[in-house]
Structures are given as structure tokens and as C-alpha cells.
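Step one of this worksheet: look at the structure below.
The values are calculated or read from the model by the stated rules, or taken from the named source; none is laboratory data. These figures come from a predicted structure and were not determined experimentally. So basically every Cβ, Gly included, is an ideal-geometry build from the backbone, and we count neighbours across all protein chains shown. To get the accessible areas, we keep the full protein, side chains included, count just its heavy atoms, and leave off ligands, DNA and RNA. Shrake-Rupley method; radii C 1.70, N 1.55, O 1.52, S 1.80 Å.
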Amino acid sequence: MGILITANHIEMVLVNLGDEIIKKDRIRLKFTAELSYCTEVAQKVKTFLEGEVAKDTLLGIGVAIPGIIDQKERIVLKSHALGIENYSLRFLEQALEIPAYFENDANAAMLAEKKQKYPNAIYLSLNHTLGGAFCIDGKLFRGQNQKAGEFGHMILVPGGRKCYCGKSGCADAYCAASVLTKDNRQSLDAFMEKIESGNEKILQKWNEYLDHLAVLISNLRMAYDMDIILGGDVGGVLSDYMIPLGEKVMAYNGFEHDVSYLKNCSYKKEASAVGAAKYFFTKHMVEL
């Protein structure tokens, strides 16, 4: 089973060994640092599993969280999205009463992709905030301080827009989904519908977004020379716009003659929850 915790919701999935989602649900549940939140999550999990044959053969629960996680100590070191620092996950682990694994949401989304297909790749998570992860030889690279893949805080436009981290010009301020949704004041679906209707103002905003995304992609390709998987909310809708995006990327990269390294994500909506769940598949196979 996999869970994604966000500021206002929890997303739950049940995944079989064939990587198929056999059940899913999204419930509105506002995050709080109170212990009662952990108890409520555990109750939602119990309700979700009721009547499922799979609950008797459940390998574990993977929990994806938007933040920097110390897995050994079971601590969220920092999460801007949830507004917490040095938050212990041990009570949640105890409340679930099932073996639990905690992972950063972008890392979990990378784990959702097939290792055989992408043993070396970058995952660009274009959600409300911009995150990322990358695999080398099929294994997540976390960095010395568990901060590898924080592509959202690479400076994209020196002296540019203010980022929530306090710096100016970060990629997050130009390429996160919140740029298109007016910080969640409108849905991404509504924004994309306006593009389809030919709204000139929205088209201009979309083209500017793709321009900035193309610069970020070009920089990542030059730095890592890996496939780049476009994921998250925006990644899920980019499959219809790969040609214009590819043209913009090519304009910034004079060393390559195609953008075949740009890939669409396997899961458009539930990637983080699925990836967190799939951790137990690998662990199970190793034990066997």
C-alpha cells in the first residue's frame, strides 16, 4: 500500500506485484502536527483496506511526504508544504501497525518508474512546488545531506521572482504548477482548458512557462547527461505538448540533435503513492 500526505489531502493506493493499481482513494484531510492526525490517518487506512483480500498479504505501507526525510531516525527534517521541522514519524509508524517506509514525494515518484527502463534518469516533479530525484544504476542518489534533486531551488533567473525559500529567481518560481494555477486559486485542468479554447493571455503564459522549463531541462541535461522524466501534475499534461517543448529545449542545447531523452511519466496522478508502495516489492524480492 502507498500513501501520499499533502497539506490538505491523503492519497491512498493498493498496488499488486504487476505494478497495477487495484484500488485508490483521495480523501480531504488537513495536515496538523498533532498526534490526533496520525490516529486519523491510521483509521483512514483501516477503512481503505476493509474487505480487501490483499490486506492479509500486505507487505507494508510506503508513505510519501513532501519534505527532507531522515529515514534512519524517522524524522521529517523540513517540509515547507506541511509547515514542519524536525517532525518525528514514529507515532505515525506505530499508529499504522504495519511495516512502514517513509520517503520524499519526488523520490517516491522516481521509484514508481521501472528500473529496467530507466536505470539512470532524472525525475522532474512539476507539482505545486517543484521537486526532483535521480537514479544511478537503478538506485536513488540522495546526496550527503538527503537534499539531492532539489532542482526547484536552482537559480534560473538571477534577481527574478521571489521563491518561498527566500531566494530570488529559483526554478520553482517559474516552473512549479503553482505558476499556472495562481497558487491553487484555479485548477490545472481549468488552465489547460483555456489553452485549448485559444485564450491568448493564457497561451502567452503557457509559452513563457515552457520557455523557462526548457532552460531548466537543458541545464539538467548538460549537468547529468541522463534521460529526464517529466512528472507531477504538469508532467501529466505535457504529453500533448512535447513537440513545442522539444523545440524550445533544442534552441538552448546546441550539442544534441533531438530530445529523445525527454520522457513522459508512467503515472500521471498517483506516482508518489505508487513509488512508496513499490519499495516493499524490492525489499520482498531481496528477502526471497
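With a 1.4 Å probe and every protein chain kept in, tell me what percent of the accessible surface of the stretch 47-117 is carbon plus sulfur.
Values: 1770 of 3540 Å².
The value for the stretch 47-117 is 50 percent carbon and sulfur by accessible area.
Quick check: from the Cα gyration tensor, does the stretch 169-288 come out rounded (a/c under 1.5), prolate or oblate?
Values: a/c = 2.24, a/b = 1.34, b/c = 1.67.
Taking the square roots of the gyration eigenvalues as a ≥ b ≥ c, the stretch 169-288 is oblate.
Can you bin the stretch 15-109 into rounded, prolate or oblate? Criterion: square roots of the alpha carbon gyration tensor eigenvalues sorted a ≥ b ≥ c, rounded for a/c under 1.5, prolate for a/b above b/c, oblate for the rest.
Numbers: a/c = 1.79, a/b = 1.50, b/c = 1.19.
Cα axes put the stretch 15-109 in the prolate bin.
In Å², and per residue, what accessible area does the stretch 206-257 have when probed at 1.4 Å with the other protein chains present?
Numbers: 2300 Å² over 52 residues.
Accessible area per residue, the stretch 206-257: 44 Å².
Return the single residue from Ala81, Ala64, Ala106 with maximal mean-square fluctuation; model: Gaussian network over the chain, springs between Cα atoms under 10 Å.
With Cα springs under 10 Å in the chain, the top fluctuation among Ala81, Ala64, Ala106 is at Ala81.
Need one word for the chain: rounded, prolate or oblate. Basis is the Cα gyration tensor (sqrt eigenvalues a ≥ b ≥ c); a/c below 1.5 gives rounded, then a/b vs b/c decides.
Working: a/c = 1.69, a/b = 1.53, b/c = 1.10.
Taking the square roots of the gyration eigenvalues as a ≥ b ≥ c, the chain is prolate.
Using a 1.4 angstrom probe on heavy atoms only, work out the carbon and sulfur share of the accessible area of the stretch 210-288 in %. Don't skip to the answer; put the middle values down first.
Working: 2000 of 3740 Å².
That share works out to 53 percent.
Where Lys and Arg each count +1 and Asp and Glu each count -1, what net charge lies around Val249 among other residues with Cβ under 11 Å from its Cβ? Let's see the in-between values first.
Working: positive: Arg221, Lys248; negative: Asp211, Glu247, Glu256, Asp258.
For residues surrounding Val249, the net value is -2.
Counting only complete DSSP H runs, which helices of the chain cover 27 Å or more along their long axis at the Cα atoms and score a mean Kyte-Doolittle of -0.5 or above?
Values: long enough: 200-224 (36 Å, -0.12).
Qualifying helices, which must be both long enough and hydrophobic enough, are 200-224.
Remind me, relative contact order of the chain in percent, using alpha carbon pairs under 8 angstrom and six or more residues apart?
This gives 21 percent for the chain.
With a probe of 1.4 Å, find how much accessible area the stretch 1-104 has per residue, and write the answer as a whole number in Å². Please report the intermediate quantities before stating the final value.
Details: 5350 Å² over 104 residues.
Accessible surface, normalised per residue, equals 51 Å².
Just to confirm my numbers, what's the Cα centroid distance between the stretch 66-90 and the stretch 243-261 in Å?
So the two Cα centres are separated by 37 Å.
Hey, got the dipole for the stretch 83-230? About the Cα centre, +1 on K and R Cβ, -1 on D and E Cβ, debye to the nearest 20?
Working: 16 positive and 18 negative charges, 57 e Å.
For the stretch 83-230, the charge dipole is close to 280 debye.
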